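Undergrad: Quick one: the structure is below, and I'll ask about it shortly.
The values are calculated or read from the model by the stated rules, or taken from the named source; none is laboratory data. Please read these numbers as outputs of a predicted model, since none were measured by experiment. All Cβ positions, even for glycine, are placed from backbone atoms using ideal geometry, and neighbour counts span all protein chains on display.
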Amino acid sequence: MDIYATLIAILESSIRLCIPLVFACLAGLWSEKSGVVDIGLEGKMLVAAFASAAAAGATNSAFIGLGAGIIAAVTFALIHGFAAISQRGNQIVSGVAINMLAAGLTALVGNAWYAQGGRTTPLEGNARFLPLTWPGAEVIDQIPLIGPIYAHLISGHSILAYCALAATVASAFVLRHTRFGLRIRAVGENPAAVDTAGVSVTRLRYTAVIIAGVLCGFAGSYLSLGQAAGFLTNMTAGKGFIALAALIFAKWRAWPAMWTCFLFGLLDAVAIRLQGVSVPGIGQIPVQAIQALPYLMTVILLAGFIGKAIPPKASGLPYVKER
Amino acid sequence: MPAIALTGIDKRFGEVRANSNVNLTVASGSVHGIVGENGAGKSTLMSILYGFYEADRGTIHIHGNEVRIRSPKEAIAVGIGMVHQHFMLVDPLSVIDNVMLGAEGGALLSKGEQHIRAALAKLGHDYGLDIDPDAIVGELPVGLQQRVEILKALVRGADILILDEPTAVLTPDEAEQLFALLRTLASQGKTVILITHKLHEIMAVTDHVSVMRRGEMVATLETAQTSPAQLADQMVGRHVLLDVSKGPAKLGPVRLSVDHLVIKDSHASLRVKDVSFDIRAGEILGLAGVAGNGQKELLEALAGIITPTLGRILLEGEDLSLVAPTPAERRVHGLLHIPEDRQRMGLVSAFSAAESMILGYQTDAEFGTGPLLSSSAIEAHTTKEMDLYDIRPRDASLKTAKFSGGNQQKIVLAREIEHHPKVLIVGQPTRGVDVGAIEFIHKRLIALRDAGVAILLVSVELDEIMSLSDRIIVMCGGVITGERTPETTNDRDLGLLMAGVTERAG
Amino acid sequence: MSAPIELPKWADVSLVPILAVIVAFLIAGLVVLGIGESPVKATVLLIKGALGSGEGIGYTLYYATNFIFTGLAVAIAFHAGLFNIGGEGQATMGGLGAALVCLRLDFLPWYIVLPLAIMGAMAMGALWAFIPGYLQVKRGSHVVITTIMFNFLAATLVVYLLVNVIGKPGSMSPETRVFEASAHLPYLHEAFAFFGMTIPKSPLNLSFILALLASVFVWILVWHTRLGYAIRTVGHSPTAATYAGISIGRITMITMAMSGALAGLLAVNEILGVQGRLLLEFSSGYGFIGIAVALMGRAHPVGIILASILFGMLYQGGTELSFEMPRVTRDMIVAISGLVILFAGALDGLIRRPVAGVFARLLKKGA
């Protein structure tokens, strides 16, 4: 029973930890499917987290916070889009710039506004996305085996967690079954094919980049309004890059993206659990080894040692009409 | 009422005049061929018709109505479909997704998909264009990929179909099938434009043929009233006759032997099929042919840049794949190479003239000591070469890109000649070069031959081949279609060989 | 980076980057204004903090040392057409390399320990960049993504080692013991004192000299050696490189290794020069600022030194500024770096195009 409770607890925290990854990973999915490489997920999440916390704090409304986060992330996404699509600049350089700009600005402005070393004022109540308890969760929790699954894994998450699931469903559906999705899939592989079919490459890519911004807005909001009660300096702590790794691992597909993020969230949860714990027969497992796994797995996968992750063919390349 | 009437089309790309004052009338329900050498402006003209570019001047009439075609979307709207030379397909997507792209028929794919499936089935039935709609395009053979391109146009209701070099990637069998299809389409009232540089295709399938040369439309003829020889004449044109005086060749021993060479490109398609020839010291061997018939691959294989699939290359009897597999080692053995693409291969346009002057020789002892390069030695060398070859401006530190085409070519020429070749392979030495420089380059090559160097000259300019070569071989479709001497041949004869017609013409 | 727009060379190497920095500063000024401080006053305080005292100048140059190393690392990769964003991880590994040597050998005299420690730093940095290079050449995985992942791998590896293997026993914070004095690279004020001269105390140490030497080395390497010629050929035109008989794969791996070695040298300044022990996050973002420095310095050592000094001023001045004006923290400098990367890199055309337009008009008038 004790082991089961622990398992449930680990899964529960895995879900919590994977939510921002799912949003960010889907953001990367949209951007890169359209042919715009996005290593600026981290920065977009960070500005969103800050803007969300600031706006939620000022208005005492988590939803206004979310809106502000989305606006902030979309603004940064448009800078990236402008550089990558209109100016045909280097997308990697632009992504690095976005990340640094976000890290610097949020810390600077956060410190200036709140004078708490970069934190925003702690948020509570309506300013946060609190866990929603589903009907009867407390009662059902008492049922052995199934009860805790309902009470802790299905119930008990903030609205944004369910949004992450919905975003996965929507992304998978739109990419697979709609006109827009087909065009996005095509434009990242061969923009010339889209262009000669009479569809604007520029418009498609901007739309994808904006969607990426919106999703990063959700990711950032979850960090500062759901997971934590306010903004902390550099609170993304590399999650944007983990999401990027997950995207590669998922081979640029929506459902696998969600599951990979869940796996990475699980690794994180296990690492936290195992901190300082001695596992019988093995001894202490170094937490860092688990933390390094997502990165290591991505490198190994990219190098083609297990399977092959092939990015959309035109990703990273500005579209120039050729004779 | 003609299907298409183009009047006075002009298009410039910077300094290059790709189309100048082009007129073209295409009869409805016919197959109309457009021939011309690479760079004659055929593709540009068709891109204008398809809205990929807008003409600087001129008008377009489709079925008698004047139209402006500013984008492919507008071209599709007036009933024009195009099959590009490089397919505009999305490899990882299915056939149906590719056909549907841009013509989805609604925000959700499911409805349009039904419609397209039905349309594909009907087209399959009407024209014999059967295809599995759920196959992944990237996994289909090229012939079928091309079929997808044609289906894309037909599903969109195109009644004018443009095909740009459609047989470049096809086997002869597939090409035959394509031609049959084009005839069927025309007989059902569709208008087909076929762009090619292969004369036998024109003869086989078209009703009318227009010839382009250097951006201009030089003739439009009824296919039945013309002959490959006449078309070859029109295509090549009568250039200003170059005056090159050269004495008889003093032939030495065989320097370079090419022995049953077979080359496949990266897409595993055969580019050079069993080619053999020898070059002797003191001889210029001209290799004539329309661009894209395997000359480029042959040159690169000789230079060591790509590896041939089969066959041997012997330099003074030694197998180069064993003694000198890389370009650097071939240089050491005296096999030097003036590449046909000097911009991308022969030079580095961002480098100074001096730096470009040592490309390939950057490890030579004369340009430095140990790991170091000596700027002063390189500059002195370059200045000397600039004097010898009259390269202007005489500024060794000027960026390579700032030199004119002729002077850039002289840099390459100077670099290679001054490294004492035993064998020199020269690709398109005078492409994009002014008349003065052409004469200079020709004289240098003759002088080199008189000094006992074996030279392989690859050129699409027949005059150049005729006036420089001691012997001429002609390539078409990756095989040597004939060998001649300048005394025993003429432009028409060579033109036929270039077109793959091997019977001797008068 | 984007489509080439023709400009006179002097404008390309000086005017464009300077304009990029000015634009970045103007935007930063607006931010300062936005948080209710005076940008003019902030600028004055910043410059005073950076250059107003001998000590300030010492700190400025100490920071600049880091940026020279990471800037050169990014620049040399640029010349081969490669983008190494793994400077952070390579520097971290460099620290590990230096520390391993010091922990083992710091009983030996300085003239043995220090060269070995410096080589250790370079070797580990080189290794951490060589692997991504190797993977790109042999396995087709792009260096950009691999170097990002390697940043995190380096960080976790060093945490693990500091906590479990080489950390100071009984210490709560993850760091090694303090090395013996023989493993300490002298401060410049110590060095001057040795010759009987006094300069203000600061963390500026002999690494600065090493950074200048590294700049000279890179300058000679890139523009005056056969290898540098090959590197630039690969960077400008891979087809021309193939024609010239240069192996693109070999050059990629060698260049990445050298780039990593240069990034690894950052550890010499921080670990051997200042900290005297290995600790976490000593590279604190310097690797990324190297990208800004390399872009601004147009990948030329002289430009990199100048850009590094500018960023050194920003770091030191920014620290002083944050004392005087607590609302303007040093994070400001990170934001400015981001803006510089944006305007000197990805949005380069935005500045270049109007400048080219002005030149074209001037030329027309002149003619």
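Undergrad: In the range C:162-179, how many are among the aliphatic types (A, V, I, L, M) and over 13 Å from C:Arg277 (Cβ atoms)?
TA: The qualifying residues number 3.
Conditions (1) free of Cβ contacts under 8 Å to residues at least 24 places away in the same chain; (2) within 22 Å of the chain's Cα centre (by Cα), marked per residue:
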{"site": "B:Gly157", "(1), (2)": "no, no"}
{"site": "B:Ile162", "(1), (2)": "no, yes"}
{"site": "B:Glu174", "(1), (2)": "no, yes"}
{"site": "B:Ser187", "(1), (2)": "no, no"}
{"site": "B:Asp207", "(1), (2)": "no, no"}
{"site": "B:Ala224", "(1), (2)": "yes, no"}
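Undergrad: Taking the stated definitions as given, is C:Gly264 in contact with an Asp or Glu (Cβ under 9 Å, 6 or more places away or on another chain) and either within 12 Å of chain A (Cβ to nearest Cβ) or closer than 18 Å to C:Tyr62 by Cα (or both)?
TA: Considered against the rule, which asks whether it is in contact with an Asp or Glu (Cβ under 9 Å, 6 or more places away or on another chain) and either within 12 Å of chain A (Cβ to nearest Cβ) or closer than 18 Å to C:Tyr62 by Cα (or both), C:Gly264 comes out as no.
Undergrad: With the checklist (1) small (Gly, Ala, Ser); (2) on the phi > 0 side of the Ramachandran plot; (3) within 14 Å of another protein chain (Cβ to nearest Cβ) in hand, flag the one item A:Gly125 doesn't pass.
TA: Against the list (1) small (Gly, Ala, Ser); (2) on the phi > 0 side of the Ramachandran plot; (3) within 14 Å of another protein chain (Cβ to nearest Cβ), A:Gly125 comes up short only on (3).
Undergrad: Do the conditions hold for B:Ala232, that is, is it buried (at least 16 other Cβ atoms within 10 Å of the Cβ) and touching a residue at least 40 places away in the same chain (Cβ under 8 Å)?
TA: For B:Ala232, the condition - buried (at least 16 other Cβ atoms within 10 Å of the Cβ) and touching a residue at least 40 places away in the same chain (Cβ under 8 Å) - is met.
Undergrad: So, one more: How about the range C:31-52: which of its residues are surrounded by fewer than 22 Cβ atoms within 10 Å (Cβ to Cβ) and either within 18 Å of C:Leu310 (Cβ to Cβ) or modelled with pLDDT of 95 or more (or both)?
TA: Within the range C:31-52, the first condition is being surrounded by fewer than 22 Cβ atoms within 10 Å (Cβ to Cβ), and the residues that meet it are C:31, C:33-41, C:43-44, C:47-48, C:51-52.
Of everything in the range C:31-52, those that are surrounded by fewer than 22 Cβ atoms within 10 Å (Cβ to Cβ) and either within 18 Å of C:Leu310 (Cβ to Cβ) or modelled with pLDDT of 95 or more (or both) turn out to be C:Pro39, C:Thr43, C:Val44, C:Ile47, C:Lys48, C:Leu51, C:Gly52.
Undergrad: Can you pull out the residues in the range A:217-238 that are buried (at least 24 other Cβ atoms within 10 Å of the Cβ) and part of a helix (DSSP H, G or I)?
TA: Correct list: A:Gly217, A:Phe218, A:Ala219, A:Gly220, A:Ser221, A:Tyr222, A:Leu223, A:Ser224, A:Leu225, A:Gly226.
Undergrad: Looking for whichever is more than 21 Å from A:Arg16 (Cα to Cα), modelled with pLDDT of 80 or more and of a type in the set (Val, Ile, Thr) here; the options are A:Thr202, A:Thr133. Which one fits?
TA: Working: A:Thr133 fails: more than 21 Å from A:Arg16 (Cα to Cα).
None of the others qualify; the one that does is A:Thr202.
Undergrad: Next up: Is the range C:172-184 home to any residue that is within 25 Å of the chain's Cα centre (by Cα), of a type in the set (A, V, I, L, M) and more than 14 Å from every other protein chain (Cβ to nearest Cβ)?
TA: yes
Undergrad: Would you mention how many residues in the range C:270-298 are under 13 Å from the mean Cα position of the chain (by Cα) and either closer than 14 Å to C:Gly97 by Cβ or assigned by TED's automatic domain parsing to the domain that holds C:Gly345 (or both)?
TA: 2
Undergrad: So, in the range C:221-237, how many residues would count as being more than 7 Å from chain B (Cβ to nearest Cβ) and in contact (Cβ under 8 Å) with a residue 12 or more places away in the chain?
TA: Pass one, the range C:221-237, residues more than 7 Å from chain B (Cβ to nearest Cβ): C:221-223, C:228, C:231-232, C:234-235.
With in contact (Cβ under 8 Å) with a residue 12 or more places away in the chain added as a condition, the list becomes C:221-222, C:228, C:231-232, C:234-235.
So the answer is 7.
Undergrad: Taking the condition of being part of a helix (DSSP H, G or I) and in contact with a helix residue (DSSP H, G or I) (Cβ under 8 Å, 6 or more places away or on another chain), how many residues in the range A:118-145 meet it?
TA: Qualifying residue count for the region: 5.
Undergrad: When you scan the range C:223-234, do you find a residue that is outside any loop (DSSP other than H, G, I, E, B), in contact with a helix residue (DSSP H, G or I) (Cβ under 7 Å, 6 or more places away or on another chain) and among the polar types (S, T, N, Q), even just one?
TA: Yes: the range C:223-234 contains one or more residues that are outside any loop (DSSP other than H, G, I, E, B), in contact with a helix residue (DSSP H, G or I) (Cβ under 7 Å, 6 or more places away or on another chain) and among the polar types (S, T, N, Q).
Undergrad: Turning to a different aspect of this structure: Output yes when any residue across the range B:408-417 is surrounded by fewer than 21 Cβ atoms within 10 Å (Cβ to Cβ) and outside any strand (DSSP E or B), and no when none is.
TA: No, the range B:408-417 contains no residue that is surrounded by fewer than 21 Cβ atoms within 10 Å (Cβ to Cβ) and outside any strand (DSSP E or B).
Undergrad: Now for a separate question. Does the range A:34-57 include one or more residues that are free of Cβ contacts under 8 Å to residues at least 24 places away in the same chain and facing chain C (nearest Cβ under 9 Å)? Write out each step before concluding.
TA: Pass one, the range A:34-57, residues free of Cβ contacts under 8 Å to residues at least 24 places away in the same chain: A:55.
Those left that are additionally facing chain C (nearest Cβ under 9 Å): none.
Within the range A:34-57, none of the residues are free of Cβ contacts under 8 Å to residues at least 24 places away in the same chain and facing chain C (nearest Cβ under 9 Å).
Undergrad: Here is a further query. Does A:Ile272 fit the bill of being closer than 27 Å to C:Ala129 by Cα and either within 9 Å of another protein chain (Cβ to nearest Cβ) or not in a loop (DSSP other than H, G, I, E, B) (or both)?
TA: Here the answer is no, as A:Ile272 does not meet what is asked.
Undergrad: So which residues in the range C:18-54 are more than 14 Å from chain A (Cβ to nearest Cβ), part of a helix (DSSP H, G or I) and not aliphatic (A, V, I, L, M), if there are any at all?
TA: C:Lys41, C:Thr43, C:Lys48, C:Gly49, C:Gly54
Undergrad: Can you go through B:Leu270, B:Leu287, B:Leu347, B:Leu322 and tell me which one is crowded, with 22+ Cβ neighbours inside 10 Å, more than 9 Å from every other protein chain (Cβ to nearest Cβ) and among the aliphatic types (A, V, I, L, M)?
TA: Working: B:Leu270 fails: crowded, with 22+ Cβ neighbours inside 10 Å; B:Leu347 fails: more than 9 Å from every other protein chain (Cβ to nearest Cβ); B:Leu322 fails: crowded, with 22+ Cβ neighbours inside 10 Å.
Criteria check complete, one pass: B:Leu287.
One line per residue, one yes/no per condition, for (1) within 20 Å of A:Pro311 (Cα to Cα); (2) more than 11 Å from chain B (Cβ to nearest Cβ); (3) in contact with a Cys (Cβ under 9 Å, 6 or more places away or on another chain):
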{"position": "A:Thr196", "(1), (2), (3)": "no, no, no"}
{"position": "A:Ala229", "(1), (2), (3)": "no, yes, no"}
{"position": "A:Thr236", "(1), (2), (3)": "no, yes, no"}
{"position": "A:Ala243", "(1), (2), (3)": "yes, yes, yes"}
{"position": "A:Ala250", "(1), (2), (3)": "yes, yes, yes"}
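Undergrad: Could you go through the range B:30-40 and let me know if any residue there is away from every other protein chain (no Cβ under 12 Å), in a strand (DSSP E or B), acidic (Asp, Glu) and buried (at least 16 other Cβ atoms within 10 Å of the Cβ).
TA: The answer is no; no qualifying residue exists.
Undergrad: Here is a further query. Considering only the range A:287-315, how many residues are surrounded by fewer than 18 Cβ atoms within 10 Å (Cβ to Cβ) and assigned to a loop (DSSP other than H, G, I, E, B)?
TA: Counting residues in the range A:287-315 that are surrounded by fewer than 18 Cβ atoms within 10 Å (Cβ to Cβ) and assigned to a loop (DSSP other than H, G, I, E, B) gives 7.
Undergrad: Counting only residues that are surrounded by fewer than 19 Cβ atoms within 10 Å (Cβ to Cβ) and charged (D, E, K, R), which one in the range A:137-187 is farthest from the other protein chains (Cβ to nearest Cβ)?
TA: Going through the qualifying residues, I end up with A:Glu138.
Undergrad: Being in contact with a helix residue (DSSP H, G or I) (Cβ under 8 Å, 6 or more places away or on another chain), within 30 Å of C:His236 (Cα to Cα) and either surrounded by fewer than 18 Cβ atoms within 10 Å (Cβ to Cβ) or small (Gly, Ala, Ser) (or both) is true for just one of C:Ser215, C:Ser207. Which residue is that?
TA: Only one candidate qualifies: C:Ser215.
Undergrad: What number of residues within the range B:71-82 are more than 8 Å from chain A (Cβ to nearest Cβ) and under 28 Å from A:Arg176 (Cβ atoms)?
TA: The qualifying residues number 1.
Undergrad: Of everything in the range A:98-119 that's surrounded by fewer than 24 Cβ atoms within 10 Å (Cβ to Cβ) and more than 8 Å from chain C (Cβ to nearest Cβ), which residue is nearest to A:Asn234 (Cα to Cα)?
TA: Taking the candidates together, the pick is A:Arg119.
Undergrad: Determine which member of the set A:Gly265, A:Gly276 is under 23 Å from C:Tyr160 (Cα atoms), more than 24 Å from the chain's Cα centre (by Cα) and not aromatic (Phe, Trp, Tyr).
TA: Selected residue: A:Gly276, the only one of A:Gly265, A:Gly276 that is under 23 Å from C:Tyr160 (Cα atoms), more than 24 Å from the chain's Cα centre (by Cα) and not aromatic (Phe, Trp, Tyr).
Undergrad: Right, another one. Could you name every one of the helices (runs of 4 or more DSSP H) located completely within the range C:281-367 that has at least 2 residues being over 20 Å from C:Glu88 (Cβ atoms) and among the charged types (D, E, K, R)? I'd like the intermediate steps shown before the answer.
TA: Values: elements: C:286-296, C:301-324, C:331-341, C:348-366.
Output list reads C:301-324, C:348-366.
Undergrad: Looking only at the range A:275-284, filter to residues that are within 11 Å of chain C (Cβ to nearest Cβ) and part of a loop (DSSP other than H, G, I, E, B); which one of those is surrounded by the most Cβ atoms within 10 Å (Cβ to Cβ)?
TA: Looking at the filtered set, the residue picked out is A:Gln275.
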